[in-house]
Amino acid sequence: MSRLTLLEIYEHPIAQKYVHRSGLAHAISTAYYAYQFALEYNVNPDLAVKAAFLHDMGHYTWYVNGEWDYDLYKENDIHPIKGAERAHKLLIRLGEDRVRAKEIALAVLFHTDSFLPESPITRTPLQEVVALADEADEEPDGKHHYRYISPERARKKIADLDRKIERTLNHFYDESAGAP
Ligand SMILES: [Fe+2]
């Protein structure tokens with residue numbers, strides 16, 4: 001079965017709409033961190049990178065008179081829930097395997113616990129990798145959502161990351177097949 005690439009996900013109009021809204025530069029950078037953490041934690045890098053790239057696609061904007069209203073956001077935000085649903089729908093539409101699509105969607109759902117009243121989440125290693133990657137790219141006052149990246153650079157970085165993932169996956173498969 002051929003792998004659904006990050007580039008294919010990025011090029012879909014749904015990703016174009018929602019990943020841009022919460023910051024393409026942040027999505028790409030979080031995906032790169034997720035790749036590194038995935039290797040460190042022995043987690044499938046393909047799932048980690050896809051979840052990291054899509055993790056904030058559930059964001060809605062909470063502006064009042066041109067200013068971000070943090071209280072309004074804190075009170076009403078459900079972006080992990082919406083993001084998990086949007087990511088799942090997009091992945092299934094693009095032909096991602098159902099089991100993998102669910103794992104990715106759950107990693108999006110649990111990338112933060114900010115939407116829960118209390119009770120910390122116990123995360124799986126994949127979910128932990130995505131949460132760590134998001135934290136690694138966070139800047140004070142939500143500035144990470146506003147960084148700019150040109151479309152050319154974004155495309156190149158995404159294609160480069162696809163190649164890294166494919167090399168790593170081939171390596172895993174070679175090892176499990178007993179090849180040198
Ligand atoms: Fe984020």
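Ignoring lysines fewer than eight residues from K156 along the same chain, the ones with Cα atoms less than 24 angstrom from its Cα are K17, K50, K143, K164. Using a 10 angstrom Cβ neighbour count of at most 16 plus a DSSP loop assignment to flag exposed trypsin sites (Lys or Arg not before Pro), which longest range of the chain is free of such sites? The reported range is 4-146. For the pair Y70 and K102, the difference between a 0.36 nm per residue extended length and the Cα-Cα distance amounts to 8.5 nm. Scanning the chain for long hydrophobic helices, with DSSP H runs required to stretch 24 angstrom or more by C-alpha along their axis and to average at least 0.0 on the Kyte-Doolittle scale, returns 24-41.
List E139, E128 from most exposed to least, where exposure is judged by having the fewest other Cβ atoms within 10 Å. Display every interim value, and only then the final one.
Details: E139 11, E128 19.
Final ranking by Cβ density, sparse to dense: E139, E128.
Given R0 = 25 Å, the distance between the Cβ atoms of D113 and Y146 translates into a calculated FRET efficiency of 0.60. Projecting the Cα positions of G66, Y32, S2 onto the charge dipole of the stretch 1-87 (unit charges on Cβ atoms of Lys, Arg, Asp and Glu, taken about the Cα centre) puts S2 furthest along the positive direction. What is the distance, in nm, between label points placed 7 Å from the Cα along the Cα-to-Cβ direction at T124 and at R153? Between T124 and R153, the label points sit 3.5 nm apart.
About its Cα centre, how strong a charge dipole does the chain have in debye, to the nearest 20, once Lys and Arg get +1 and Asp and Glu get -1 at the Cβ? Write out the running numbers ahead of the final one.
Details: 22 positive and 29 negative charges, 160 e Å.
Using Cβ point charges on Lys, Arg, Asp and Glu, the chain gives about 760 debye.
The charge dipole of the stretch 74-127, taken about its Cα centre with unit charges on the Cβ of Lys, Arg, Asp and Glu (plus for the first two, minus for the last two), comes to roughly 260 debye.
If you average the sequence gap of Cα pairs under 8 Å that are 6 or more apart and divide by the length of the chain, what percent do you get for the contact order? Write out the running numbers ahead of the final one.
Values: 233 pairs, mean separation 55.1, N = 180.
In percent, rounded to a whole number, it is 31.
Each of K89 and T61 was given a label point 7 Å from its Cα along the Cα-to-Cβ line. The distance between the two points is 2.0 nm. If the elastic network links every pair of Cα atoms under 10 Å, which of V108, V130, V19 fluctuates the most in the Gaussian network model of the chain? Comparing V108, V130, V19 in a Gaussian network model of the chain, the most mobile one is V19.
Here the Gaussian network model covers the chain, with springs between Cα atoms less than 10 Å apart; of L94, L132, L116, L116 fluctuates the most.
The numbers here are math on the coordinates, done by the rules we state, and not lab data. None of these values were measured; they are calculated from a predicted model. For neighbour counting, all protein chains shown are included, and Cβ atoms are generated from backbone atoms with ideal geometry for every residue, glycine included.
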